[in-house]
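Note sheet for the following structure.
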Amino acid sequence: MSLLSLRGVTAGYGSAQVLHGIDLDIGEGEVVTLLGRNGMGKTTTVRAIMGMIRPWGGAVRIDGRDMTGRPSYEVGRAGVGLVPEGRQVFPTLTVEENLLAAAKTPEGRNRWTLPEVFAFFPRLEERRRNLGAQLSGGEQQMVAIGRALMTNPRLMILDEATEGLAPLIRDEIWARLEVLKSEGEAILLIDKNVGALAALADRHYVIEKGEIVDTVAGEAGSPVPAAELERYLHL
């Protein structure tokens, strides 16, 4: 059984349809990407998964449970943690308050606590008393990832995880995601850094005009070459 399964998901805004029957699966411990140009439906897919918009049709299942159109807090309780596009850190809360605001310890999932997140991102412990508005973009992204981890998720979704970050910070974020993968965390990634995606992910879904038009995976467990993935950003 897939940890996350989408079947025939359609969705849009007002009268404008964006998704036209999305099928997608992520298993336990898998790292999967959603590739495509801007405006093709990647973020809308995430919003449909997270209950931020209600799908017009189809089904979203988490661990076999129908979560179609359920509110975001129920999706979070079911084990999905979101690192949203734009980070959305609370600007008037401290780093520590931002992290504690999301803290959950569902039964059987208590890996991530405040000390664990600070050990994972030492820079955040140094900034623990700083307000969200006082942080750099990279530090805010660490807070956003740490906040998702504090929900103790079974699946993490990262929408544009490294967009606009300095190269050294991007490298640090990718290194941290590699650690999460090695620990068996399931991850759905949206990003434009195809080199990093190619090295990290097990499988790639390609979305074009609201439809999954291809699924790409390496042979015998080997990664898909970055050059092969690059062309999907220019369809």
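The values are calculated or read from the model by the stated rules, or taken from the named source; none is laboratory data. Note that the coordinates shown come from a computational prediction; the quantities given were computed from them, not determined experimentally. Ideal geometry is used to build each Cβ from the backbone, glycine not excepted, and the neighbour counts take in all protein chains shown.
General observations
- The number of residues in the range 101-129 being under 23 Å from residue 50 (Cβ atoms), of a type outside the set (Gly, Ala, Ser) and exposed (fewer than 14 other Cβ atoms within 10 Å of the Cβ) comes to 5.
- Every condition in (1) modelled with pLDDT under 95; (2) exposed (fewer than 15 other Cβ atoms within 10 Å of the Cβ); (3) more than 17 Å from residue 24 (Cα to Cα) holds for residue 97 except the one numbered (1).
- Taken together, 199, 175, 166, 161 contain a single residue that is surrounded by 15 or more Cβ atoms within 10 Å (Cβ to Cβ) and either among the aliphatic types (A, V, I, L, M) or farther than 27 Å from residue 52 by Cα (or both), which is 161.
- Set 58, 29, 69, 12: member being modelled with pLDDT of 95 or more, in contact with a Gly (Cβ under 8 Å, 6 or more places away or on another chain) and of a type outside the set (Asp, Glu): 58
- Helices (runs of 4 or more DSSP H) within the range 123-214 that include 1 or more residues in contact with a Pro (Cβ under 8 Å, 6 or more places away or on another chain): 137-149, 194-200
- Within the range 29-61, being among the β-branched types (Val, Ile, Thr) and either out of contact with any His (no Cβ under 8 Å at 6 or more places or on another chain) or surrounded by fewer than 18 Cβ atoms within 10 Å (Cβ to Cβ) (or both) holds for 31, 43, 44, 45, 46, 49, 53, 60.
- Residue check, residue 149 under 18 Å from the mean Cα position of the chain (by Cα) and modelled with pLDDT of 95 or more: yes
- Residues satisfying the stated conditions in the range 90-122, i.e. free of Cβ contacts under 8 Å to residues at least 40 places away in the same chain and part of a loop (DSSP other than H, G, I, E, B): 93, 107, 108, 113
- Scan of the range 50-89 for residues that are out of contact with any strand residue (DSSP E or B) (no Cβ under 9 Å at 6 or more places or on another chain) and either touching a residue at least 40 places away in the same chain (Cβ under 8 Å) or outside any loop (DSSP other than H, G, I, E, B) (or both), ordered by number: 65, 73, 74, 77, 87, 88, 89
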